[in-house]
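The structure appears right after this line, and notes come after that.
The values are calculated or read from the model by the stated rules, or taken from the named source; none is laboratory data. Predicted, not measured: the structure shown is a model, and the values here were computed from it. Cβ placement follows ideal geometry from the backbone for every residue including glycine, while neighbour counts extend to all protein chains displayed.
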Amino acid sequence: MNWKIEQAQHKFPELISATRIEPQLIYNQDQLVAAVIEAKTFQEFLAWQQQHRQHSLADAFAQLRQLCTEENYTLEIPPRTDRLNPFIDNFRDISL
């Protein structure tokens, strides 16, 4: 059922009861502003969202840092050295 905000405020218990049947949509000036759904449906959505969540590179690094902390592991980074760069070497050979 569709509700206007004023109706939803005045008949809130009915609105909540109606969520057992179907989601209740609340409108303000013909624009959808909210949807009230059954708690079980929302919990199912949260579980689905968690399963399908895309893990970012930042998440992977955070997990790696956590593992290193738990294992008391430190990553030894070798000193930096210059590498060959064929682009620069060829660029110097080109005469303009």
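Overview of values
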{"item": "Residues being among the hydroxyl-bearing types (Ser, Thr, Tyr) and not in a helix (DSSP H, G or I) - total across the stretch 1-56", "result": "3"}
{"item": "Residue list for the stretch 57-76, filter: within 20 Å of the chain's Cα centre (by Cα) and either assigned to a loop (DSSP other than H, G, I, E, B) or not polar (S, T, N, Q) (or both)", "result": "Leu57, Ala58, Asp59, Ala60, Phe61, Ala62, Leu64"}
{"item": "Pairs, first on the phi < 0 side of the Ramachandran plot in the stretch 15-26, second charged (D, E, K, R) and not in a loop (DSSP other than H, G, I, E, B), C-beta under 9 Å, six or more apart", "result": "Ile26/Lys4"}
{"item": "Filtered residue count, the stretch 1-35, keeping only those that are exposed (fewer than 11 other Cβ atoms within 10 Å of the Cβ), at pLDDT below 95 and among the hydrophobic types (A, V, I, L, M, F, W, C)", "result": "1"}
